[in-house]
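See below for the structure under consideration.
Read-outs throughout are calculated quantities, based only on the coordinates presented, and are distinct from any laboratory measurement. Please read these numbers as outputs of a predicted model, since none were measured by experiment. Counting neighbours? That spans all protein chains shown, and the Cβs are built from the backbone with ideal geometry, glycine included.
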Amino acid sequence: MSSNNSGDNPTLSEEVDDSSSSIQERLRAGARQVLVAFFLLVLAAALWELAKVITGSNDRTMPHIWDTLSFLGSTTSQNENYSWFLFKNAWSTAKASLIGLLVGTAFGLVTGTSIARSRFVGNGLMPLIVAAQAVPIVAIAPALVLWLGTGGVTKTVITTYLTFFPITVATARGIQSVPKESHELLRTYGASKRTSLRILELPFASPLIFVGLETAAAFSVVGAIVAELPFGSKEGLGVVILTSWQFYITEPRALYCVALTSCALGAVFVLSVRLMAYFALGPRSQGEVL
């Protein structure tokens, strides 16, 4: 009995070591990506300053990076720290973006699955979906605001509209790429269509679905900001953009600050999705279909 246990323990220890090494490797890879992203940010700032020197642009057109960042420490007309003011509005936009992303993902998964599993549904729906995406969102956003008001419903509808398409296409393409041999193998075991979807099609398509989800995450932030742009919204980055644009002549740095905040919010959404994919799929998280 003791000899059997001693034989099992090294195997268990090796499995634990392998798991720990895998996690450490993923963390190191994530750290490298963070360093690369930081380097690219510094490079972008240097190129901005170089462009300012070459073009001879004044501070109103192209303020220095350090002047723009220093404006984050200023106060608003209500004696509120500007960074905190941006954070509150970014939080409002983030909530609307997340709701729209979740709703759009749910609809996209269902629609993409239906398109992939039915040629009749795919031939009928896909042209309509593509045509709908060709309509500029800025053209229909004012109409939606008039119909639905400036509340959260409008933000959800617009963000869902933008996030629906990439999820749908990624899901459909991922499921359609499942090898026929895999389907035939499951049929020999008498697996139902629901079982095939659960244990074969969705797991196989998950790398592409996560790629589509990254695109949808960025679109969700854009959609929420666009929904806030029509006059009447009370909070959100879109409102701050409008206000900063109106006072651009007297203080251009405010508009650049809110633009940077919008970029940062989009990056947080995309990186969050990428992080989930990385820990859920490992090496397959970069869209590789195995």
Inter-label distance, nm, simple model (7 Å from Cα along the C-beta direction), Gln176/Ala139: 2.6 nm
Pulled fully out, how much extra length does the chain show between Ser57 and Asn79, if you take 0.36 nm times their separation in residues and subtract their Cα-Cα distance? 4.8 nm
In degrees between 0 and 90, to the nearest 10, how far off the longest principal axis of the chain does helix 2-55 point, with axes built from Cα atoms? 30 degrees
Tell me the angle of helix 119-133 to the major Cα principal axis of the chain, expressed in degrees between 0 and 90 and rounded to the nearest ten. 10 degrees
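How much FRET efficiency would the formula 1/(1 + (r/R0)^6) give for Glu49 and Leu148, where r is the Cβ-Cβ distance and R0 is 35 Å, rounded to 0.05?
Numbers: r = 44 Å, r/R0 = 1.25.
Computed FRET efficiency for Glu49 and Leu148 comes out at 0.20.
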Where trypsin sites (Lys or Arg not before Pro) fall in DSSP loop in the range 169-242, at most 11 other Cβ within 10 Å: Lys234
What does the net charge come to around Thr156 if you take all other residues with beta carbon closer than 13 Å to its beta carbon, with K and R at +1 and D and E at -1? +1
Go ahead and run the numbers for FRET between Thr195 and Thr250, Cβ-Cβ distance against an R0 of 51 Å, rounding to 0.05. 0.20
Divide by every residue of the chain the summed helix terms, -39500 (n - 2.57) for each DSSP H run of at least 4, and state the resulting mean residue ellipticity at 222 nm, rounded to the nearest 500 deg cm²/dmol. -27000 deg cm²/dmol
Top mean-square fluctuation among Glu181, Glu228, Glu80, Gaussian network model of the chain, C-alpha springs under 10 Å? Glu181
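Under the Kirkwood approximation applied to all pairs of distinct alpha-carbon atoms, what is the hydrodynamic radius of the range 82-218 in Å?
Every distinct Cα pair counted, the radius reaches 16.6 Å.
Would you please report the Å³ per residue occupied by the convex hull of the alpha carbon atoms in the chain? Each step should come with its number before you reach the end.
Values: hull volume 60.0 nm³, N = 290.
Spread over its residues, the Cα hull of the chain gives 207 Å³ apiece.
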Average Cα contact separation per residue, the chain, under 8 Å, 6 or more apart, as relative contact order %: 22 percent
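Please work out the ratio of the alpha-carbon Rg of the range 60-116 to 2.2 N^0.38 Å and round it to two decimals. Before the final figure, lay out each step's value.
On the way: Rg = 19.2 Å, N = 57, 2.2 N^0.38 = 10.2 Å.
It is 1.88.
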